[in-house]
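The values are calculated or read from the model by the stated rules, or taken from the named source; none is laboratory data. Computed from a predicted structure; not experimentally measured. Virtual Cβ from ideal backbone geometry, glycine too; neighbours counted across all protein chains shown. Calculation scope for accessible area: heavy atoms of the full protein, side chains included, ligands and nucleic acids excluded. Shrake-Rupley method; radii C 1.70, N 1.55, O 1.52, S 1.80 Å.
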Amino acid sequence: MFHAMAQLPLFGTGPRTLLDDASGRIDYIPGFLAPDEARDWFERLRAGVRWQSGRRRMYEREVDVPRLVASHLLDDPHLPAPLAEAAARVRTAVDAPFNAVGLNLYRDAQDSVAPHNDRLAHIAEGHPIALLSLGDTRRMTVRAKLPPRRVLHVDLEPGSLFVMSYATQLHYDHGIPKQHTPVGPRISLAFRVRRREAATD
Ligand SMILES: O=C(O)CCC(=O)C(=O)O
Ligand SMILES: [Fe+2]
């Protein structure tokens, strides 16, 4: 999945493969972006993206998801510049034809994403999901769907890249829980290869 790993500019402690077996592969690359660059993209995206309150159906009601969201196709002529730059950068490390990015803004410790797997009906089969983190560090929990329910906790630091293979979405849920200690805002960029028929959804 990765190429030219040795040539990546690394500002952290180096890439780590957190999981690599029949259930899938997860890689964490701290310091994928330089700290200044991560800060710059964070500020520009926080100010420049049309953030929306996400809605999801829960039983009969619609409820707000506890974070702000946005999404873009990468061939959008109005793609905000930092997203185009980020997509190009991610493509240098992950060999996948990413065509869409989902953005999440966690405003504070109360914002979260519930455990889930990304919707495979929307993702072209076999392609990974790459999460670029900006802003404050939040902890991701990855938990196997079946017993024994193996759990991974990963602190997603600013400027890091977290890559989950397609297979992991079948075997694991991932989420960002609310936390008890105060934390500043975080933005994540989720790069995906969307199926053509799902590209506008
Ligand atoms: O914020 C993150 O790093 C995770 C986001 C996520 O799981 C998603 O957008 O599907
Ligand atoms: Fe997800």
- Query: Listed highest first by mean packing, meaning other Cβ atoms within 10 Å per residue, what order do 117-124, 167-174, 84-91, 101-108 come in?
  - Reply: 101-108, 167-174, 84-91, 117-124
- Item | Label-to-label distance, nm, for residues given as Gln179 and Arg39 (7 Å Cα→Cβ offset) | 1.9 nm
- Query: Given R₀ = 25 Å, FRET efficiency for Arg149-Ala81 by Cβ-Cβ distance, to 0.05?
  - Reply: 0.05
- Message: Which residues among region 127-143 fall inside the zone where the amide N is under 17 Å from a point 7 Å beyond the Cα of Thr92, along Cα→Cβ?
- Response: 131-133
- Item | Leu19 long-range amide H proximity, modeled H, under 5 Å | Ile26
- Item | Integer Hz, Karplus 6.51/-1.76/1.60 couplings in order for region 121-137, x for Gly and Pro | 5, 9, 9, 4, 4, x, 9, x, 10, 10, 10, 9, 10, 9, x, 6, 6
- Listed by chain and number, the residues whose amide H is under 5 Å from that of Val193, excluding neighbours fewer than 5 places away on the same chain and using placed H, are Asn99, Ala124
- Query: Sorted by accessible area (1.4 Å probe), largest first, how do Thr137, Thr181 line up?
  - Reply: Thr181, Thr137
- For Ala109, list long-range residues whose amide hydrogen, built 1.01 Å from N in the peptide plane, is under 5 Å from its own amide hydrogen. Val183
- Residue-wise HN-Hα coupling along region 104-113, computed from phi with Karplus coefficients 6.51, -1.76, 1.60 (Hz; x: Gly, Pro): 10, 10, 9, 6, 7, 5, 7, 7, 6, 10
- Once phi for every residue in region 165-173 is put through the Karplus expression 6.51 cos²θ - 1.76 cosθ + 1.60 (θ = phi - 60°), the whole-Hz ³J(HN,Hα) values, with Gly and Pro written as x, are 6, 4, 4, 4, 5, 7, 10, 9, 9
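I need to check one value: relative contact order of the chain, counting alpha carbon pairs closer than 8 Å and at least 6 residues apart, in percent. Numbers along the way, then the final one.
Numbers: 426 pairs, mean separation 54.8, N = 201.
For the chain, the relative contact order is 27 percent.
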